[in-house]
Amino acid sequence: MDDIIAAISTALGAGGISIIRVSGKGSISLVNSLFSGKNLEEVESHTINYGHIVYDGEIIDEVLVSIMKAPKTYTVEDVVEINLHGGIATTNKVLEILLRSGCRQAEPGEFTKRAFLNGRIDLVEAEAVGDIIEAESEEARKMSVQGLTGKLSQIISSIRERLLNLESRIEVNIDYPEYEDLEDMTTEKIGKELEEIGQEIETMLEESKNGKIIKSGIDVALVGRPNVGKSSILNAFLEEEKAIVTNIAGTTRDIVEGRMILNGIMINFIDTAGIRETNDEVEKIGVDKSMQIIEKADLIILVLNNNEKLSNEEKELLKYVSTKKNIIFVNKNDLDKKIDIADENVVYGNTVDKNGLDSLKNAIKSIFQLDDLVKKDFTYISNARQLSLINRAYEYIKSAEEAVSMEIPVDIIENDLANARKTLGEVLGEVYDEELIDTLFANFCLGK
Amino acid sequence: MKYDVIVVGGGHAGIEAAYATSKIGHSTLLITGNIKNIGDMPCNPSIGGSSKGVIVREVDALGGLMGKVADKALLQMKMLNSSKGPAVQCLRGQADKELYPSIMQKALMSQKNLELKEAIVEDLIVESNNVKGVILSDGSKIFCDILILTTGTYLKSEILRGSEKLAEGPHGEVRSNYLSDRLKDLGFKIIRLKTGTPPRIDVRTADLNKMQEELGDDTRYSFSFDGESSYDVNNQEKCYLIYTNHKTHEIIKDNLDKSSMYGGYVTGVGPRYCPSIEDKIVRFSDKERHILFLEPQSMVENSKYYNSYYLQGFSTSMPPDVQEEMVHSLEGLENARILEYAYAIEYDAIDPLQVKPSLESKILNGLFTAGQINGTSGYEEAAGQGIIAGINASRKIKGLEPLILKRNEAYIGVLIDDLVTKGTIEPYRMLTSRAEYRLLLRHDNADIRLRNYGFEAGLISDSQKEKLDRKILQCEEWKEKIKKIKIDKSILNNFFENARTSSLEEIIKRPVVNLEMLKEIYPEFKLCDKEILEELVIEVKYEGYIVKAYNDAQKLTKLEGKQIPSDIDYKKIKNLASEAREKLEKIRPISIAQASRISGVNPADISILAVYLRKEYGKNE
């Protein structure tokens, strides 16, 4: 129990706040190294500290960090709890950073196990420790099985196959050096394959980790004429979701007016200040500006007034909007209907009695299949452990590549390859140590 | 009659076991079917090879005989994998099949406390799960405190050639008919294994000019840490390389149903590591030719192996007439005379999951097993287990804890751990890829790794120990010295472009720098002991990687230290998954580390086990 463990201790995607718990000797200084704010190593025990998690010069999230020094903690070890409000993506990112920085992903029930082993839980309670471990591991197993359907596991399997193949070609040279008819695995050959394998992992990391929706959320532009109710809609959302209303720069470099979290995914409302203060003369410019926003946003919510006929400008907007993912929200349905628009794909509502706002949310969910995203593609988004394993595998490949370039002998290079393969195997839950030998004898004809 | 130790079997495992216990001082009886067969090499005429060469060194480091005897019986010697890195270099020697056993027999005959006896053991004397002795085929009884079974392939062995099945051991030796049944009655799970050997050829009838010569290395090498090998470096025997061809493959395909394997006469599981030639052709049907070697068996004139060459790669269970055809289809062997036909052999072994890491049986107190009876294949694998069985038999008599080599300490440790943790369904052969810490398990440092264990056991003398201590000390001194010694750029410029003045350490770390270059750069190295210099260069050059492997291994060592009491009742641990419980129950690992290596035992099970241990056994888990 001399290492530092970390895990997300709140249900992901359930709300705006999540907590990552870190336990073990050295956990305070480890978190401190990623924290900008007070020096956590010098603060009193059992205090909550405000600051930011910073990694590689980038601010990851605004956080509250609870410092609890041993022994008066759950695990009787130093414990740090990081409160984040970043949704799935940020929470995972922070966990992943912790795992990269020297923490180990806690096993199911491990905090409780430590509490017991450190004497905090007595023998009577200990009966339950096994139950907790069993229950949590069952849950983790389900989650990983669920998450590993589809493309990602296929990609990982195929990379593992490649590694296995490469390794067996190296090993066969080592274990059967007298077989002169075997391919000689030169460092050049190995280097070339490593480069390709490295690229495959890179691509996979890009695709899985940087899926834009997961990483930075969905940029939504609320478009419409002045006074059509854009701000009211926004405020209604934000109030209900208790989201953060800030004016910090969003990832799109536009001003984000507010954020809410829907199924754990960040919804960024992009400021449409450009059209808000337009007058007749510059209406044209306003439309142009709207076009630009439409161009960049992932989703356009075009807000129209139920009580008015469509203007020419709105007709033009409708045309443009139809080329993108869009929702038409006809506001003020508490007033008489004067709008001349077909009912298809249109959500009616009003911000006075908040009618139609849930339909609007559901429309967003259904367009981006957010319900499915959480369930079906859990791996991509929810599993920092897997991400950190893939990153580690990538580092092994890089280290092997470096060794090749330094003309380090193959027996040492092979070590990195085996580690990369085993690490990827952990992602799939397949750690099977006879596989290399099986491959060796399946692919090569050897022996007396 | 009563002995401290009885060893049954005079193969490579039995030799090391009997030598160890008698050398330590226990009265030992070695029983074998034929004393003249002690140390026989029934299969290939070579010792060592990839990873196996390291095992020979490990046996030597512990104080065993194999390396020393091989050094006196070499016909050719090679360093394998010298270009593939420090972790996998190994020695392989062609050994004289006449000399090796005869030197071995002399060594054992002159060994104090050791008696040799010709007999066949057919039964055990057992009293309430304690082994007390053996019963011979004539009904006579011999008693002992510890029994070591190293029966090789002699338990109910059958020799197969085509449809012919002979109830005998290799070379027509007498087999044990009932011992394996008796073991089964006592609760042992008996497995049936198969292996095979190729034909032997009269070299005078072979056209060697048609074959590619395979020569030994120019440098003298020795297996043993204690003395020089005795072969003539400039006059080593040659091996020859040939290939199978289309005609060979046709003959085999046409006669496939006549082979014991494909004709359905074999029940045992054969190793993937040495498939018969018919297996190779069936399984790798697109391969146009297979590589074969012709290796000398003995240069002792008028001996039974003189002029007899071993056709490596051509193991088969075809009937003799087909073997004739097959051999004659090979280039250079068109008119060759077969001196001994190839055969497959089936034999009984025990399930190694019923063996403890000490090599003592879980079923019978005082019974140890080593070698092929435990499901392994190979002379070296047998010797490695034999010496451990011997050492642990002695430790048991003395009431000491057994010697259990860890996976990061020795290939022998990997071998035994694999056997007792994972079991085997085919004859187990060592491979370098089985050793996750192979960078630590090098052949050059086997003495540093293991000699102290041999010393502690009483198998290594004071002077051998002093030599080791000197080596370690000098290595350490050099490691400090090379940091301080600066080599001027004017010298280095002869070797590298744009060289700067650097310390000797920095120079050694350069990948391109080898031993020969070093001696030129820093002539004082020419005076340095070769062994020490090699050790130094490897340790310095690959320091980063070695340290990394060492640190990884340390984590493992910690878990190895977390012992599981032998009386643990897994049924009482309520949350264990049923597969894990079943496996733990069966294998009964001795430590948390061993438990975690069992397939089907998951991290959650390990956690639950750890919590249970703390709860039941308190802080001293």
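Bear in mind these aren't lab numbers, they're just calculated from the coordinates by the rules spelled out. Remember, it's a predicted structure, so these values are computed and weren't measured experimentally. Positions of Cβ are generated from backbone atoms using ideal geometry, with glycine treated the same way; all protein chains shown enter the neighbour counts.
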Taking alpha-carbon centroids only, the stretch B:80-126 lies from the stretch A:1-73 a number of Å equal to 61 Å
With label points set 7 Å from each Cα along the Cα-to-Cβ direction at residue B:109 and residue B:232, the distance between them in nm comes to 2.7 nm
FRET efficiency (residue B:483, residue B:530; Cβ distance; R0 25 Å; to 0.05) is 0.70
Checking rank on B:309-316, B:404-411, A:342-349, B:327-334, with mean other Cβ inside 10 Å and highest first, the result is B:309-316, B:404-411, B:327-334, A:342-349
So for R0 = 60 Å, FRET eff. of residue A:64-residue A:316 from the Cβ-Cβ r, to 0.05, ends up at 0.80
So residue B:548 and residue B:282, fully extended at 0.36 nm per residue minus their Cα-Cα distance, gain in nm 91.4 nm
Filtering GluC sites (Glu not before Pro) in the stretch B:227-286 by DSSP loop and by at most 11 other Cβ atoms within 10 Å leaves B:228
Per the Kirkwood formula over distinct C-alpha pairs, the hydrodynamic radius of chain B in angstrom is 26.0 Å
At the level of C-alpha centres, the distance separating the stretch B:279-294 and the stretch B:1-41, in angstrom, is 39 Å
Amide H neighbours of residue A:223 at under 5 Å, excluding residues fewer than 5 places away on the same chain, with H built from the backbone geometry, are A:301, A:302, A:303
With label points set 7 Å from each Cα along the Cα-to-Cβ direction at residue A:443 and residue B:213, the distance between them in nm comes to 3.6 nm
Set A:113/B:572; B:2/B:398; B:189/B:406; A:332/A:361; B:484/B:558; B:72/B:362, cut-off 29 Å on Cα-Cα distance; pairs above it are B:484/B:558; B:72/B:362
Given all pairs of distinct Cα atoms, the stretch B:462-545 yields a Kirkwood Rh in Å of 13.5 Å
The answer for residue B:148, listing residues at least 5 apart or on another chain whose modeled amide H is closer than 5 Å to its amide H, is B:6, B:7, B:8, B:368
Over all viewing directions the Cα convex hull of the stretch B:136-222 casts an average projected area in nm² of 11.9 nm²
The FRET efficiency for residue A:165 and residue A:199, from their Cβ-Cβ distance with R0 = 25 Å and rounded to 0.05, is 0.90
So for the stretch B:456-498, using the alpha carbon gyration tensor with a ≥ b ≥ c as root eigenvalues (a/c under 1.5 gives rounded; past that, a/b versus b/c decides prolate or oblate), I'd call it prolate
Taking Cα atoms only, Rg over Rh for the stretch B:29-149 with Rh from the Kirkwood formula is 1.09
So, over other residues within a Cβ distance under 9 Å of residue B:68, counting Lys, Arg +1 and Asp, Glu -1, the net charge is -2
Going from the fewest other Cβ atoms within 10 Å to the most, one would list A:52, B:246 as B:246, A:52
For the stretch B:273-378 the trypsin sites (Lys or Arg not before Pro) that pass both the DSSP coil test and the at-most-16 other-Cβ-within-10 Å test are B:287, B:289, B:304, B:337
Cα-Cα longer than 18 Å, checked against A:315/A:338; A:319/A:365; B:247/B:280; B:23/B:68, kept in input order, equals A:319/A:365
Counting other chain Cβ atoms within 10 Å of each Cβ in B:435-447 and taking the mean gives 1
Averaged over the residues of B:572-579, the number of partner chain Cβ atoms within 10 Å of each residue's own Cβ comes to 3
Whole-percent tail of the Cα-Cα distance distribution for the stretch B:390-472, cut at 17 Å, equals 56 percent
Restricting to Cα pairs under 8 Å and 6 or more apart, the percent relative contact order of the stretch B:62-115 works out to 32 percent
Averaged over the residues of A:412-418, the number of partner chain Cβ atoms within 10 Å of each residue's own Cβ comes to 5
From DSSP H assignment alone, runs of 4+ in chain B each adding -39500 (n - 2.57), the sum over residues rounded to the nearest 500 puts [θ] at 222 nm at -10500 deg cm²/dmol
For the protein assembly as shown (alpha-carbon point model, no solvent) the Debye-based log₁₀ I(q)/I(0) at q = 0.07, 0.09 Å⁻¹ works out to -0.76, -1.09
Phi-derived 3J(HN,Hα) across the stretch B:57-74 with the Karplus relation (6.51, -1.76, 1.60, θ = phi - 60°), rounded Hz, x for Gly and Pro, is 5, 5, 4, 5, 4, 6, x, x, 9, 3, x, 5, 6, 4, 4, 8, 10, 7
